[in-house]
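Down below is the structure, laid out as structure tokens.
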Amino acid sequence: MDAAANNTANEGPVGGAARTIAFMNQKGGVGKTTTTVNLAAAIAAEGRRTLLIDLDPQAHATLHLGVDPGDGPTVYDALVEPSGVRDALREARPNLDLLPATVDLAAAEVELAQEADRNRRLSGALSGLAGRHEFVLMDCPPSLGLLTLNALAAAREVIIPMQAHFLALQGVGRLMETVRAVGQTVNPRLRISGVVLCMHEETSRHTREVVADLDAFFEGARGTDLPWRSARVLRPPIRRNIKLAEAPSFGQTALEYAPTAHGAADYRALAQALIREWDALRSRRGGGTEVVVPGAPGGMKHAGARAG
Ligand SMILES: Nc1ncnc2c1ncn2[C@@H]1O[C@H](COP(=O)(O)OP(=O)(O)OP(=O)(O)O)[C@@H](O)[C@H]1O
Ligand SMILES: [Mg+2]
């Protein structure tokens, strides 16, 4: 299968300095962290400067990368004091920076609750890192609280990890509506670029039927002004692979722990597809020096504006 062809949407994500993606699904255990970590690692391994932001107080992404934040500053500190974001950055791997989390992050929800700019703290922090990274991937917690809102405010794209058997078509529609409703309050230009199918069992007939339904659902949104009008089922899907579940306990990505297993291969292929798509978009947009506002008539351009 040609992943690049499948992943090249008409409108694609938004051009700009960094491809900034929130991996979000309020449902727990669907593969958000596994996807964010292994995709970030695979993109970094392709030589692209990548930032992974762990926005989950469970700190699973941080643990997955084997990073121990100790007493040092974390994403919590960056939310409380966005101007200090650089101090919280860790070089987790070559080309891969991490804004780590600890359980303390849970306190941010309460501590920032009264602040007028509480949902834009991460956006503020990221503006202090402008130009450092080409890809920014955010691992969201399984809830729609302040941390997820900060991700949706800072991102230009949402990718939804899910399982083909988990949600019927109606469930996906509800999920898209939720992102739209939430996104509208904090970031009207936010776009859903697709779903990544995790723990995929392609031999199951039921799975194939659900994927066909998903494809049709997204096709039905083409030409509308819905935030998922250019969304699609990202290819390849990520097959169920035990190595993906084992790798975190060693503090390793799947690419390190089992580089030849299906899990690593699928994330590598998906990373390459996202990179090809991004490169194609940037070359169409003239090197990414302009941000094209999605949905604006004629693709209104703002020279020098920042993505994210
Ligand atoms: N493709 C896969 N094959 C096998 N196991 C997988 C796969 N993807 C994820 N898992 C396992 O499924 C479990 C849930 O995955 P993960 O932690 O990535 O989900 P999540 O959406 O981040 O969960 P939470 O909502 O708690 O943050 C983990 O044990 C993970 O190792
Ligand atoms: Mg998670």
Worksheet item: Does residue 216 count as within 16 Å of ligand 2 (Cβ to nearest atom) and assigned to a helix (DSSP H, G or I)?
Response: no
Worksheet item: What's the number of the condition residue 185 fails, among (1) of a type outside the set (A, V, I, L, M, F, W, C); (2) buried (at least 20 other Cβ atoms within 10 Å of the Cβ); (3) modelled with pLDDT under 90?
Response: (2)
Practice prompt. Provide a single number: the residues in region 231-245 that are part of a helix (DSSP H, G or I) and open to solvent by 60 Å² or more (accessible area, probe 1.4 Å).
Written response: 3
Item to complete: Count, please, the residues in region 246-275 that happen to be within 12 Å of ligand 1 (Cβ to nearest atom), farther than 13 Å from residue 196 by Cβ and of a type in the set (D, E, K, R).
Response: 1
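The values are calculated or read from the model by the stated rules, or taken from the named source; none is laboratory data. Here the structure is a predicted model, which is why all the values come from computation and not from measurement. FYI the Cβ positions are ideal-geometry reconstructions off the backbone, even for glycines, and counts take in every protein chain you see. Areas reflect the complete protein model, heavy atoms only, side chains present, ligands, DNA and RNA absent. Shrake-Rupley method; radii C 1.70, N 1.55, O 1.52, S 1.80 Å.
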